[in-house]
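Worksheet for the structure shown next.
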């Protein structure tokens with residue numbers, strides 16, 4: 001028994017000794033540290049690598065947010081929804097209302113510009129610029145309309161006073177349906193009262209008039225300066241004069257759209273949200289005008305409406321301009337909503 005116990009103890013001791021023996025690790029070979037020695041880490045390199053990895057992960061996390069899309073990509077996201085919006089019956093109702101009141105305001109507007117150029121500023125250059133603007137913006141029957149508007153501007157002051165009254169009435173009639181449409185686009189539940197709408201409309205009409213007079217005056221002055229540098233009978237002068245007038249007219253149209261988008265809704269609208277839409281709508285309106293002039297012969301309003309063809313031509317042009325204006329408003333609101341949602345999602349993910 002003692003022998004067995006002794007041999008068992010010896011076996012246990014041998015097992016403990018064997019288990020406590022540490023096997024030495026294999027030494028590192030020189031080629032195993034070649035990469036480490038060839039690209040040593042300098043102070044701050046590890047931190048920069050970590051930051052780069054975090055930035056890459058953040059981009060992967062937020063790459064699907066609308067705020068990270070390019071301008072063209074964000075525009076493409078809303079093209080079809082804008083077209084669907086423009087196919088709604090209430091949008092066509094707003095556009096036709098805008099067109100009807102625009103038809104009532106276009107003649108008094110040009111009569112007042114002609115009158116102010118001749119009798120207030122006593123500037124033949126401004127008068128000629130207004131005539132050129134009329135030729136460029138009236139889609140058809142230009143000579144007939146210009147001749148009659150010149151006659152209305154040459155009569156006594158009573159005609160100009162009536163033109164001013166009709167201009168104020170018709171322009172405020174434009175703003176009433178536009179405010180309802182823009183409030184719907186931006187989600188503002190309450191419209192202004194009729195009196196407040198008249199006040200805001202009167203202010204916008206006054207701003208439009210000031211913009212028109214300023215644009216005409218600056219164009220006339222630029223043409224005068226251009227005439228001093230270039231022969232006013234040369235082809236170069238005619239080309240540069242057309243460019244100057246086109247740029248001035250386009251800037252005035254963009255400013256008009258911007259004021260409508262920014263001021264008319266009954267709520268706070270960021271200026272940066274509507275400025276791109278005003279620029280894009282102004283450019284599209286200019287392009288659409290020439291397309292409309294090109295297709296007018298195929299529409300053949302003269303055979304259908306006879307002596308009323310001029311009014312119908314202006315009415316249809318006002319309708320298409322109203323649709324473009326409302327489409328630009330919807331596009332700016334949709335883009336702004338995407339940007340707000342993107343910022344909210346980004347802030348929520350960073351918490």
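Observations on the structure shown:
- If the chain linking residue 190 and residue 251 were pulled fully straight, counting 0.36 nm for each residue of separation and taking away their Cα-Cα distance, it would gain 18.8 nm.
- Using the Cβ-Cβ distance between residue 119 and residue 304 with R0 set to 51 Å, the FRET efficiency works out to roughly 0.85.
- Contact order normalised by residue count of segment 87-349, Cα under 8 Å, 6+ apart, percent: 29
- Distance from segment 100-145 to segment 170-235 (C-alpha centre basis), Å: 14
- Three-way shape call for segment 173-286 based on the alpha-carbon gyration tensor, with the a/c threshold at 1.5: prolate
- Size descriptors for segment 247-351, from the alpha-carbon set: Rg then Dmax equal 18.6, 69 Å.
- Packing here is the average count of other Cβ atoms within 10 Å per residue, and on that basis the peptides 205-217, 321-333, 100-112, highest first, run 321-333, 100-112, 205-217.
- A quarter of the convex hull surface defined by the alpha-carbon atoms of segment 87-349 gives 17.4 nm² as the mean projection.
- Using the Cβ-Cβ distance between residue 210 and residue 128 with R0 set to 25 Å, the FRET efficiency from 1/(1 + (r/R0)^6) comes to roughly 0.75.
- Scaled radius of gyration (Cα, divided by 2.2 N^0.38 Å) that segment 174-219 gives: 1.44
- Estimated translational diffusion coefficient (Stokes-Einstein, Kirkwood radius over Cα pairs, 25 °C, 0.890 mPa s) of segment 311-351: 196 µm² per second.
No lab work stands behind these numbers, since they all come straight from the coordinates. Everything numeric here is computed off the predicted structure, so don't read it as measured data. Positions of Cβ are backbone-derived with ideal geometry, glycine not excepted, and every protein chain shown enters the neighbour counts.
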